[in-house]
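Every number here is computed from the coordinates shown, using simple stated rules; none is lab data. Since this is a predicted model, take the numbers as computed values, not measurements. As a convention, Cβ positions derive from the backbone with ideal geometry for all residues, glycine included, and neighbour counts pool all protein chains shown.
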Amino acid sequence: MKIAIVGAGAIGGYVGAKLSLAGEDVTFIVRGANLEAIRRNGMKLILEDGSEHIADQVKATDNYRLAGRQDLVILALKAHQLESIADQLHHLLGPETAIVTMQNGIPYWYFYKHGGALEGSHLKMVDPTGEISEKIPASRVIGCVVYPASELIAPGVVRHFEGERFPLGELDGSSSERVTRISACFVNAGFKAPVLDDIRSEIWLKLWGNLSFNPISALTHSTLVDICQFPLSRELAAALMTEAQTIAHKLGISFRVPLDKRIAGAEKIGKHKTSMLKDVEAGRALEIDALVGSVIELARLTHTPTPHLDTVYALVKLLAKTFEEERGQVQLQRVA
């Protein structure tokens, strides 16, 4: 299968390398040092067991037109980066090209083929101008939830820590030929990629943790186990998750894991820094609107009060504004 991976960071690099090593025709759409490193050396993947693998058959370019039409496009950017690439994506799309979205949080396409009173609603938090919906048609989209943890440790080098699960789903819940084919492609590459008939519920299950632990960790510089074992922060996480659960239930979502078990699962991960905390430490843009702002927008649409979410969102947005204005980053340094 001819596959373009837009973005070659922690997840895009991991997915692209594994697909290429399994024999797929992979092209990374990437810029800067990553582009040069992949062109020169291929994509290097370091697995959990320490073994190293070089995907030296991959192609890399920053030119969408030169990459040409693909069978599958995987969007491995963060949600707030989609608008910047939306205008170029058409160069990759043939009549039957499918698009797998690998963003965290509530996706821009959430209400496409959703059914009910909110069918077709536009979420401004994740698609402010409507350009993403216009340029990346939801009719092409296969939903995906990303569970693996990996890190881009150097240009063209990804270290994989754990997980291999990428659940997939058509937005209308059907078991189409295309989603079945993409699932088989992923499975052949060594991933677990079940086809779900309700991809939105799976999105909420992951988001449930992200919308609570990510902002708390960003504000406190604490790891998952720290948040879960400190009574006050554990209570706050539960309050955020309870508000989100109320919204989700109004949208017809059911959670297959109880709230306490979801928190316990995060606690078991241990001294793990969330992606938002890592972004704070590196001075990168924070993934706030997709993870928290979009949930608050859904709260307004469903007339649900969210005092805890509103407060945490305001604090993290101010943190992001300060970072942007001061061009700074924040890291805890151990005192000698």
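For the stretch 200-326, the dipole from Cβ point charges (+1 on Lys and Arg, -1 on Asp and Glu) about the Cα centre works out to 500 debye, to the nearest 20. As a calculated quantity, the FRET efficiency between LEU318 and ASP25 at R0 = 56 Å, using C-beta atoms, amounts to about 0.80. Charge dipole of the chain (Cα centre as origin; +1 on each Lys and Arg Cβ, -1 on each Asp and Glu Cβ, all else neutral): 320 debye, rounded to the nearest 20.
At what distance in angstrom do the alpha carbon centres of the stretch 235-266 and the stretch 161-216 lie from each other? Each part reduced to its Cα centre gives a spacing of 18 Å. Take every pair of alpha-carbon atoms less than 8 Å apart whose residues are at least six positions apart; their mean separation over the length of the stretch 210-336 yields a relative contact order of 35 percent. Rg over Rh for the stretch 2-197 works out to 0.95, both radii taken from alpha-carbon positions and Rh defined as the Kirkwood radius.
Label separation (ARG65 vs ARG165): 4.4 nm, computed from points 7 Å beyond Cα along the C-beta direction. Put simply, the amide H of LYS59, placed in the peptide plane, has neighbours under 5 Å in VAL26, THR27, PHE28, leaving out anything fewer than 5 places away on its chain. About the centre of its Cα atoms, the stretch 1-159 shows a dipole size close to 180 debye [charges on the beta carbon of Lys, Arg (+1) and Asp, Glu (-1) only; nearest 20 debye].
Shape class of the stretch 200-326 from the alpha-carbon gyration tensor: oblate, with a/c at 1.5 or above and b/c at least as large as a/b. Of the residues LEU45, ILE99, ALA86, the one whose Cα sits farthest towards the positive end of the charge dipole of the stretch 16-113 is ALA86 (charges of +1 on Lys and Arg Cβ, -1 on Asp and Glu Cβ, taken about the Cα centre). Potential lengthening of the chain between ARG40 and ALA336 amounts to 102.4 nm, from the contour at 0.36 nm per residue minus the alpha-carbon distance.
Extension gain, LYS271 to ASP87: 0.36 nm times the residue separation minus the Cα-Cα distance gives 62.3 nm. Using alpha carbons only, the radius of gyration of the chain set against its Kirkwood radius gives Rg/Rh = 0.95. Phi-derived couplings, Karplus 6.51 cos²θ - 1.76 cosθ + 1.60 at θ = phi - 60°, listed residue by residue for the stretch 96-109: 10, 5, 9, 10, 9, 9, 10, 8, 6, x, 6, x, 4, 8 Hz, with x used for Gly and Pro.
Farthest toward the positive end of the dipole of the stretch 2-197, out of SER176, PHE191, ALA4, is the Cα of ALA4, where the dipole comes from beta carbon charges about the Cα centre. Do any of LYS192/LYS261; LYS273/LYS317; LYS124/LYS268; LYS250/LYS278; LYS113/LYS206 go past 31 Å between their Cα atoms, and which? Over 31 Å apart, Cα to Cα: LYS124/LYS268; LYS250/LYS278.
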